[in-house]
1. Anything in segment 140-188 that is assigned to a loop (DSSP other than H, G, I, E, B), more than 17 Å from L130 (Cα to Cα) and open to solvent by 70 Å² or more (accessible area, probe 1.4 Å)? List them, or say none.
2. Which members of segment 3-47 meet the condition of being surrounded by fewer than 16 Cβ atoms within 10 Å (Cβ to Cβ) and part of a helix (DSSP H, G or I)?
3. Out of D102, D129, I need the residue that is at pLDDT 90 or above and among the charged types (D, E, K, R). Which one?
4. Which pairs turn up if I take residues in segment 127-153 that are at positive phi and look for partners that are part of a loop (DSSP other than H, G, I, E, B) with beta carbon separation below 8 Å, at least 6 apart in sequence or on another chain?
5. Select from segment 69-114 the residues that are part of a strand (DSSP E or B), out of contact with any helix residue (DSSP H, G or I) (no Cβ under 7 Å at 6 or more places or on another chain) and open to solvent by 60 Å² or more (accessible area, probe 1.4 Å) and write down the one among them that is farthest from R25 (Cα to Cα).
6. Please go through segment 120-139 and pick out each residue that is part of a helix (DSSP H, G or I) and open to solvent by 50 Å² or more (accessible area, probe 1.4 Å).
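The values are calculated or read from the model by the stated rules, or taken from the named source; none is laboratory data. Because the structure is predicted, anything quoted here is derived from the model rather than measured. In this analysis, Cβ positions are derived from the backbone assuming ideal geometry, glycine residues included, and neighbour counts consider all displayed protein chains. Accessible surface is based on the protein model in full, side chains and every heavy atom, while ligands, DNA and RNA are left aside. Shrake-Rupley method; radii C 1.70, N 1.55, O 1.52, S 1.80 Å.
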Amino acid sequence: NTQSELICRYLPDTTLTFVNDAYCRFWNLTLDELLGRKFIELIPPQARSAVLEQIAALPRGISSHEHEVTLPNGTVGWQHWINHAIVDSSGRLVELQGVGRDITDRKRAEETIRGLQARNSAMLRAIPDLMFVILTDGTFVDYHAKDPSLLYVPASRFIGNKIRDIMPPDLADALMNALARSSRTDEPVGVEYELPVAGRLRQFETRLVRSGNDRVLSIVREMTDWKRANERNREL
């Protein structure tokens with residue numbers, strides 16, 4: 001009863017024969033209200049068959065599993081349980097014991113993270129720009145390229161290498177200066193430059209913005225057609 005984990009004993013049909021104080025507090029029910037009750041009733045219908053399968057296999061070992069539960073306020077939560085069978089000296093099953101803990105907050109956090117990851121993935125798929133994660137020493141550690149043909153060199157050549165190892169010297173100097181400035185401010189730092197990519201001289205604009213203590217996010221947009229269109233407009 002001094003344990004913070006939920007502890008219970010039950011028969012193979014899930015009828016509770018013992019519960020500790022933590023179990024009572026979690027369900028906001030008294031000992032009398034819980035003993036003799038089948039705990040499977042506290043589990044949403046869609047999760048019951050999986051739990052019963054785990055219980056049926058218990059005489060052959062220990063079971064560790066997670067499942068949904070219907071919380072006292074009517075919402076759905078999650079618990080993690082470790083169960084084992086209690087047998088007598090002749091090997092006959094007497095009852096089963098479970099030690100559980102509430103993992104609702106963890107599950108909800110995981111769901112939130114999955115939602116954020118899905119949103120970020122959708123945003124990346126919609127962005128035509130090149131994106132690079134660069135350490136403050138100029139090392140490329142990650143990238144996104146919806147159109148890989150716009151990369152100056154293949155990813156295998158720049159991931160793990162530094163800007164000065166990849167870019168022409170003058171451009172590398174300009175990018176490293178911008179990288180240093182962006183790492184000291186929350187404002188983006190811009191650089192415009194030309195590079196021969198896929199047999200064509202192309203114009204790019206990159207904006208670098210600090211992303212954490214030791215890295216910078218670089219968003220690169222090809223500006224070739226836009227700049228040529230502006231030139232034609234000026235000529236006209």
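1. R184, D186, E187
2. D21, R25, L31, D32, E33, E41, P45, Q46
3. On the way: D129 fails: at pLDDT 90 or above.
Every option except D102 fails the conditions.
4. none
5. If we filter segment 69-114 for residues that are part of a strand (DSSP E or B), which is where we start, we get 69-70, 76-87, 93-102.
Then keep just the ones that are out of contact with any helix residue (DSSP H, G or I) (no Cβ under 7 Å at 6 or more places or on another chain); that gives 76, 79-82, 86-87, 94-95, 97-101.
Adding the requirement that they be open to solvent by 60 Å² or more (accessible area, probe 1.4 Å) leaves 76, 82, 87, 94, 101.
Details: V76: 17, I82: 19, V87: 29, V94: 26, R101: 12 Å.
If we take residues in segment 69-114 being part of a strand (DSSP E or B), out of contact with any helix residue (DSSP H, G or I) (no Cβ under 7 Å at 6 or more places or on another chain) and open to solvent by 60 Å² or more (accessible area, probe 1.4 Å), then V87 is farthest from R25 (Cα to Cα).
6. Listed by number, the residues that qualify are N120, M123, L124, R125, A126.
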